[in-house]
């Protein structure tokens, strides 16, 4: 029996829980960004924004996704810094 779907679901669920622990007091935009970034870092096995954007598999152009990721990366995240330091 092949359980790859279950494995993917478990990995994604663990990633979401980890990300929510990091940014529990943040807004929805930051929480979604952190969750998607961590999941796609694992999925693409790369830190290059283009590879992360492709791993998101969104229905918009990859360039637009890269721009959105870049803008979110430039925003300071004090809650993430304090939660991660614990």
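The values are calculated or read from the model by the stated rules, or taken from the named source; none is laboratory data. Small disclaimer: the values here were computed from a predicted structure and weren't measured. Reconstructed Cβ throughout: ideal geometry from the backbone, glycine too, with neighbour counts over all protein chains shown.
At a glance:
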item: Residue tally, condition surrounded by fewer than 13 Cβ atoms within 10 Å (Cβ to Cβ) and modelled with pLDDT of 75 or more, over the range 1-13; result: 6
item: Unmet criterion (only one of (1) at positive phi; (2) surrounded by 11 or more Cβ atoms within 10 Å (Cβ to Cβ)) for residue 57; result: (2)
item: Which numbered condition residue 47 misses (of (1) at pLDDT below 80; (2) in a loop (DSSP other than H, G, I, E, B)); result: (1)
